[in-house]
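Shown below is the structure under consideration.
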Amino acid sequence: MKEVLVIKGGEKLKGTVSISGAKNAALPLIAASLLSNDDIVLSNIPRIEDVCIMLDLIREVGANISKENNTVSITPQVTDTVIRSAKAQLIRASILLAGPLVAKIGSLKLPFPGGCNIGTRKIDLHLNGLKALGAKVKVGSDFIEIKADKKLRGAKIELPFPSVGATENILMAATLAEGETVIKNASIEPEVVDLQRFLSKLGAGIEGIGTRILTIEGVEELTGTQYSILPDRIETGTYIAAVAASGGRIILKNCDINIMENIVQKFTEIGVNIKHCNKGIEVSMNGKPLPTDIITQPYPGFPTDMHPIMTSVLSLAKGRSTIKETIYDNRFQYVQELKKMGAKIEIKGDTLIINGIDKLKGTRVAATDIRGGAALVIAGLTAEGRTLIENIKQIERGYEQIDEKLRSVGAEVKRLKL
């Protein structure tokens, strides 16, 4: 038996949705908790598959964990530095355990990290950064082993690309390294900044928070704290897209559009009305979306994670749109699934050419990755007839109770076992 989502399209959305905590902030903060010597309490943690896997991985190395709703309490003791679980191959974020464990304990061995198959996602920048701090790296056929014979030492590191994960890993490792570490061309994604603020609350010496140049003065130890994860801007964008495609009016609570300026700008450009209200933001849409052109870029540019979701919306636009993908080289797998629903999309190198049509048609499709799965959900909400989405585990890796949230605003979405 496998679970599927069945969506009957054509309903305008109306009601209120509460946005969950950010997946891409929760995962590094869970890893960073291992740096502390005292208990950590993280709130606004999304109840999604990737978070469950990351918690299982830190439990495997010795951490004690208790959960209540969206709050996780972590006692960050470490009794082992070898991760044997194949779960490490299910999420890319498993590599984020390297910085904390090598800095605190001196070693880590784990299977190759996995995650969405959306292109070449090398971890060279992570490993080179740790090498610069004094770690030794051994890469086997199916594992990575990282060791530090002595305490890590600060270094000057300039990233050739503002990699989110590499910035996070180097930053975490540097907090307990001897001396000063400077990271140039650091990522300034909101989720990376959230990690910087969290580490500062633990007692880390970080200057330049939120900028491209970070200076970290290593400390002897980090303490515990309580911390609330920032809202998920990609989930926020997904529900804005649901209104853009289906029409209607909804209120999004627990969101922060100050960290998603480029997303809001593009939705406004295609005709979505977005305004602040007492509870959060109000999103409404009348008529069909207008076409636009998008280039994905590191923050503060348009995020690659919103690319598939916008493709579904622009498939219904009045005219021709383009999306140029500059981050990942295999992000177009979901396109074939949308084309099954009638979308007119042409792939030319790193660019999608999308010719809007009047209606998509419901059919049987499968989620290829987290955001590609969300794109199919958006398409299903507006398609004629019924859309059956398989492989919904991919969607659940990044979205908390997506079917329940959509039902709460009037969508006809069912979870069935086949």
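The values are calculated or read from the model by the stated rules, or taken from the named source; none is laboratory data. Worth saying up front: this structure is predicted, and the values here are computed from it rather than measured. Positions of Cβ are generated from backbone atoms using ideal geometry, with glycine treated the same way; all protein chains shown enter the neighbour counts.
Condition (residue is farther than 23 Å from P231 by Cβ, of a type in the set (S, T, N, Q) and surrounded by 15 or more Cβ atoms within 10 Å (Cβ to Cβ)) applied to the stretch 90-99: is it met by at least one residue?
yes
On the given criteria, is I274 at pLDDT 95 or above and among the β-branched types (V, I, T)?
yes
Can we say T236 is out of contact with any Phe, Trp or Tyr (no Cβ under 8 Å at 6 or more places or on another chain) and more than 24 Å from D305 (Cβ to Cβ)?
Taking the combined requirement at face value, the residue does not satisfy it.
Here is a further query. Under 8 Å between Cβ atoms, which residue pairs at least 6 apart in sequence (or on different chains) link something in the stretch 327-351 that is assigned to a helix (DSSP H, G or I) with a partner that is of a type in the set (S, T, Y) and surrounded by fewer than 19 Cβ atoms within 10 Å (Cβ to Cβ)?
Close Cβ pairs satisfying both conditions: K340/T363.
Looking at the structure I just gave you, is I170 in the same structural domain as S36 (by TED's automatic domain parsing), closer than 14 Å to K104 by Cα and in contact with a strand residue (DSSP E or B) (Cβ under 6 Å, 6 or more places away or on another chain)?
yes
Considering the stretch 3-18 alone, what residues qualify as being under 14 Å from R364 (Cα atoms) and outside any strand (DSSP E or B)?
G9
Now a separate question. So the check is Cβ under 8 Å with 6+ separation or different chains; which pairs have a first residue in the stretch 120-148 that's free of Cβ contacts under 8 Å to residues at least 60 places away in the same chain and closer than 16 Å to S187 by Cα and a second one that's outside any loop (DSSP other than H, G, I, E, B) and among the polar types (S, T, N, Q)?
Pairs found: H126/N169; G129/N169.
Kindly establish whether K138 is over 24 Å from the mean Cα position of the chain (by Cα), in a helix (DSSP H, G or I), assigned by TED's automatic domain parsing to the domain that holds I30 and surrounded by fewer than 21 Cβ atoms within 10 Å (Cβ to Cβ).
no
Taking the stretch 183-219 as the region of interest, how many residues are crowded, with 19+ Cβ neighbours inside 10 Å and of a type in the set (S, T, Y)?
Of the residues in that region, 1 qualify.
Would you confirm whether or not the stretch 17-32 contains a residue that is hydroxyl-bearing (S, T, Y) and buried (at least 24 other Cβ atoms within 10 Å of the Cβ)?
So far as the stretch 17-32 goes, yes, one or more of its residues are hydroxyl-bearing (S, T, Y) and buried (at least 24 other Cβ atoms within 10 Å of the Cβ).
Sticking with this structure for a sec: Which of the numbered conditions does A241 fail, given that it passes all the others? Conditions: (1) crowded, with 24+ Cβ neighbours inside 10 Å; (2) not polar (S, T, N, Q); (3) not in a helix (DSSP H, G or I).
(3)
Moving to a separate point now. Report, by residue number, each residue of the stretch 387-408 that is aliphatic (A, V, I, L, M), part of a helix (DSSP H, G or I) and closer than 13 Å to V6 by Cα.
I402, L406
Still on this structure: Taking the stretch 295-311 on its own, how many of its residues are of a type in the set (A, V, I, L, M), surrounded by 23 or more Cβ atoms within 10 Å (Cβ to Cβ) and farther than 17 Å from S187 by Cβ?
2
Anything in the stretch 64-96 that is under 19 Å from G21 (Cβ atoms) and in a loop (DSSP other than H, G, I, E, B)? List them, or say none.
N69, N70, I91
Just need a number here: residues in the stretch 191-216 that are in contact (Cβ under 8 Å) with a residue 40 or more places away in the chain and of a type outside the set (A, V, I, L, M).
4
Something else about it: Any chance the stretch 237-256 includes a residue that's more than 28 Å from T296 (Cβ to Cβ), touching a residue at least 40 places away in the same chain (Cβ under 8 Å) and small (G, A, S)?
no
Something else: Is there any pair with a first residue in the stretch 13-34 that is closer than 18 Å to T236 by Cβ and a second that is in a helix (DSSP H, G or I) and among the polar types (S, T, N, Q) whose Cβ atoms are under 8 Å apart and which are 6 or more apart or on different chains, and what are they?
Qualifying pairs under 8 Å: L13/S246; I19/T236.
Right, next: So is K104 more than 25 Å from T225 (Cβ to Cβ) and more than 24 Å from the chain's Cα centre (by Cα) or not?
Judged against the criteria, K104 is not a match.
Another one. Test each condition in (1) in contact (Cβ under 8 Å) with a residue 24 or more places away in the chain; (2) closer than 17 Å to D39 by Cα; (3) in contact with a Leu (Cβ under 7 Å, 6 or more places away or on another chain) for S73 and report the one that comes out false.
That leaves (3) as the condition not met.
Looking only at strands (runs of 3 or more DSSP E) that lie completely in the stretch 248-302, which have at least 1 residues being within 28 Å of N70 (Cα to Cα)?
248-253, 273-277, 280-285
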